[in-house]
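The values are calculated or read from the model by the stated rules, or taken from the named source; none is laboratory data. Note that this is a predicted model, so its numbers are computed, not measured. Methodologically, a virtual Cβ is constructed for each residue, glycine included, from the backbone with ideal geometry; neighbour enumeration extends over all protein chains shown. Surface areas here come from the heavy atoms of the whole protein model, side chains and all, with no ligands, DNA or RNA. Shrake-Rupley method; radii C 1.70, N 1.55, O 1.52, S 1.80 Å.
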Amino acid sequence: MTWTEILAPIKNTEYFEKLWQKVKNEYATTKCFPPKKQIFRAIELTAFEDVEVVIIGQDPYHNDFQANGLCFSVSDQVSAPPSLKNIFTELKDDLGIVKTSNELDSWARQGVLLLNAMLTVRAHEPNSHKDLGWEKFTDFIIKEISDKKENVVFVLWGAFAQKKASLIDETKHFIIQSAHPSPFSVYRGFYGSRPFSKINDYLKLKGKKPIDW
């Protein structure tokens, strides 16, 4: 199945029409991120049939040139935000991998869906689009993956993402939960959680190809 088929039942609704009109109005009247053409980049880079891992973020980065449609990822023209730096620190401690790019496209192309719950944000106003209606759409995506696929790893970092566990069938999938990688909580259980090796161990156990992080 393709994303077009998966999303047709929700996209062809009055709800989505209203949501998209609100989004268009926001982009027409205020500065918003990511660039409009990158709003759906997470599902553009990771086909439904290829999804092996889902990492859930809250909303896009809100400063200039940061958000690029993939949660936690930024373009190489800006420095890595604190959460991304902490993710890379844990990756090095976990698997000895040193990331040289702040862009996570290579993960997305291997089946890691980097999905924010809110797909847009106003410039310099974190969580400013939380009431537009995005969560109904992204919750639908999470539940469709849970319902229609098997043996997917869902990565829930922090309290916000962990609320999405109710959408996931734990009898079919593997859920990894820990503290969020932000500086405020990284020492409360994110460091040392070894999510990357856990993901690859599970994928290999299920006869799947591990992610080249």
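Odds and ends about this structure:
- Highest average packing first - 130-142, 110-122, 150-162, Cβ atoms within 10 Å: 110-122, 150-162, 130-142
- Along the axis of the charge dipole computed for the chain (Cβ charges of +1 for Lys and Arg, -1 for Asp and Glu, origin at the Cα centre), the listed residues Leu167, Ala80, Met118 are led at the positive end by Ala80.
- Translational diffusion coefficient of the range 7-70 (Stokes-Einstein, Kirkwood radius from Cα pairs, 10 °C, 1.306 mPa s): 118 µm²/s.
- Site pair Lys143 and Ser106 shows an inter-label distance of 3.7 nm when each label is modelled 7 Å from Cα along Cα→Cβ.
- Length gained when the stretch Phe65-Val78 is fully extended (0.36 nm per residue, less Cα-Cα span): 4.0 nm
- Rounded percent of accessible protein surface that carbon and sulfur make up, the chain, 1.4 Å probe: 50
- Amide H to amide H, with H built 1.01 Å from N, Gly57 comes under 5 Å of Leu115, Asn116, Ala117, counting only residues 5 or more places away or on other chains.
- Projected label distance in nm at Glu170 and Lys209, using a 7 Å step from Cα toward the beta-carbon: 3.1
- Average projection area in nm² (convex hull over Cα atoms of the range 35-134, one quarter of hull surface): 6.4
- For the range 139-213, diffusion coefficient by Stokes-Einstein and Kirkwood Rh (Cα), 25 °C, 0.890 mPa s, µm²/s: 187
- Per residue, the chain exposes an accessible area of 48 Å² to a 1.4 Å probe, with every protein chain left in place.
- Sparse packing (at most 14 other Cβ atoms within 10 Å of the Cβ) combined with a DSSP loop state is found for the following chymotrypsin sites (Phe, Trp or Tyr not before Pro) in the range 45-79: Phe65.
- At 0.692 mPa s and 37 °C, Stokes diffusion of the chain via Kirkwood alpha-carbon radius, µm² per second: 188
- Helical runs assigned H by DSSP (4 residues or longer) give the chain a calculated mean residue ellipticity at 222 nm of -11000 deg cm²/dmol, each run adding -39500 (n - 2.57) before division by the residue total.
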